[in-house]
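The values are calculated or read from the model by the stated rules, or taken from the named source; none is laboratory data. This is a predicted model, so every value here is computed, not measured. No Cβ is skipped: glycine too gets one built from the backbone with ideal geometry, and neighbour counts run over all protein chains shown.
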Amino acid sequence: MTRSLKLDLTRRQALTGLLVATALPAWAQTIPSNPDVAIVGAGAAGLSAARSLIDRGLSVVVLEARNRIGGRAWTDTSTFGVPFDHGCSWLHSANRNPFKPMADDWGYSTLYHDDAEELVYVGDRPATTAEESAYERSWNALNAAVSSAGRRGRDVSAALVSPRDMPWAHVSEALFGPMDMGVDMEDLSTADWWNMEFTTPNYLIREGFGTLVAQFGREIPVKLGTPVERIRWGDKDVALETSDGTIRARACIITASTGILGAGTIAFEPHLPVWKQEAIAHVPMGLLAKIPLQFKGSGLDLPANAWLSYYTEQREACYFLCRPFGFDLMIGFVGGSFAWELSGEGTATAVDFALGELRKVLGSNIERQFVKGALTDWANDPWSLGAYSAAMPEHAVARAKLAQNIDDKLFFAGEACAGGFATTCGGAFINGQSTARHVARVLS
Ligand SMILES: Cc1cc2nc3c(=O)[nH]c(=O)nc-3n(C[C@H](O)[C@H](O)[C@H](O)COP(=O)(O)OP(=O)(O)OC[C@H]3O[C@@H](n4cnc5c(N)ncnc54)[C@H](O)[C@@H]3O)c2cc1C
């Protein structure tokens, strides 16, 4: 989420809304058992890699643990009756993001969001001009300090360089680390942050980012509900053992998150080399959790698509995207260590917390209009185990190793391997394509 970062960086769907992953054409359901390439995961990276390989005439099987495609791109229309993205929602770097032309060509409704208003509160009143200026100064100082370290190639914890003595520093830090990068400032690598290239313009998609990714992937041959349990790569071919038998391929592209790779959900035989295991350990998953709250009718009298933040000196902060597209939702965001803790406590606690924060700002009247809330549970999702990757301080270089293939047989792709577009869905897509080109060259 958030306001502006480096280079004004922000992290910041119903004609197609009914297209679902299971709507595969008949041909796509005929899945070869000995393809040229087996792909683990049908998120943006796996789907784009598959499309590229098929377009090059190679046979492909995508093995997906879940019963849907899209991975961390997932639009849920049933909980609130309107599209809600559990995962990605902003098209970052829209000028270079392959999903933007798709959205335009397919008639999606996108909203330019860089000029969104930010409503800033102190207690239950709007911040004064002087307070807003103090907030701006603290944001600029923080941005300058982390940029300066990153530009000079210093790979340290962002907390070490953050100007913490300034008023509003807590607010700026909460947005900068936890709510944008999914990690506390202590766990944010200045170099990893600096290496991120995604920037403005940023767009929201009314029908949902997940809907768009699912539409892209609907003709790709995916075996759903098929977790890969073990990958044997010591022989000429790669053998992928699944709950539904073994697939043999000439090469394999693994797009599972670093959370999954680090947890050992997939066994490798032989073990992955130590350098690869270290790279995985050094780029763990951060966490951004969304707490959507639904209010009756027009509910809260707040401008659609605005941000709402408030002064706090606590780590426990939840900032909101107000009424996206005029939907009767307030989307709360929490990140970093607090998001892990809250996710551990479950949906009811998280919803109570977010509603309580909103009550402090907008008053107790909001309770009467409150309908229900939810929590996106990427922390406990067994096929993600976090939201997106964050290299540890002193280990920004690990991303390059993460992306390296092993023996021209095991290839790694996905957001964590996407260089300057790491953490993003567009980055995962581009990285899937480039990995597929590499695989095609090797196999030819
Ligand atoms: C809360 C949140 C907010 C976000 N906001 C944005 C945003 O606004 N903009 C943006 O661009 N990005 C955002 N992102 C990040 C974006 O969603 C991801 O970077 C992107 O979707 C990752 O794609 P991927 O293909 O690399 O991985 P995934 O989507 O995780 O795909 C990997 C697939 O592998 C499958 N898998 C895992 N293990 C196995 C196994 N053993 N066998 C078979 N299949 C397996 C998984 O089920 C999954 O489908 C956000 C993410 C989250 C969680």
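Scanning segment 250-273 for residues that are out of contact with any Lys or Arg (no Cβ under 7 Å at 6 or more places or on another chain) and away from the ligand (no atom under 13 Å from the Cβ) yields Arg250, Pro270, His271, Leu272, Pro273. If only residues of segment 274-311 that are at pLDDT 95 or above and among the hydroxyl-bearing types (Ser, Thr, Tyr) are counted, the one that is nearest to the ligand (Cβ to nearest atom) is Ser309. Here the condition is being farther than 30 Å from Glu173 by Cα, more than 10 Å from the ligand (Cβ to nearest atom) and part of a strand (DSSP E or B); of Glu229, Glu207, Glu241, it holds for Glu241 alone. The set of residues in segment 355-387 being touching a Leu at 6+ places or on another chain (Cβ under 9 Å), within 12 Å of the ligand (Cβ to nearest atom) and small (Gly, Ala, Ser) consists of Ala379, Gly386, Ala387.
Tally time: how many residues in segment 263-289 are surrounded by 18 or more Cβ atoms within 10 Å (Cβ to Cβ) and part of a helix (DSSP H, G or I)? Of the residues in that region, 4 qualify. Of all the listed residues (Ala45, Ala38), the sole one being modelled with pLDDT of 95 or more, touching a Cys at 6+ places or on another chain (Cβ under 6 Å) and either of a type in the set (Asp, Glu) or crowded, with 20+ Cβ neighbours inside 10 Å (or both) is Ala38.
Among the helices (runs of 4 or more DSSP H) lying completely within segment 79-183, list those that include at least 1 residues that are β-branched (Val, Ile, Thr), surrounded by fewer than 16 Cβ atoms within 10 Å (Cβ to Cβ) and at pLDDT 95 or above.
It comes to 129-151.
Number of residues in segment 85-107 that are among the polar types (S, T, N, Q) and away from the ligand (no atom under 13 Å from the Cβ): the value is 1. Note on segment 320-431: enclosed helices (runs of 4 or more DSSP H) holding 1 or more residues that are under 27 Å from Gly210 (Cα atoms) are 336-345, 347-362, 398-402. State all residues of segment 58-78 that are part of a loop (DSSP other than H, G, I, E, B) and within 6 Å of the ligand (Cβ to nearest atom); if no residue qualifies, say none. Of everything in segment 58-78, those that are part of a loop (DSSP other than H, G, I, E, B) and within 6 Å of the ligand (Cβ to nearest atom) turn out to be Glu64, Ala65, Arg66, Gly71, Arg72, Ala73. Going residue by residue through segment 39-53, is there one that turns out to be in contact with a Lys or Arg (Cβ under 8 Å, 6 or more places away or on another chain) and farther than 30 Å from Glu241 by Cβ? Checking segment 39-53: not a single residue is in contact with a Lys or Arg (Cβ under 8 Å, 6 or more places away or on another chain) and farther than 30 Å from Glu241 by Cβ.
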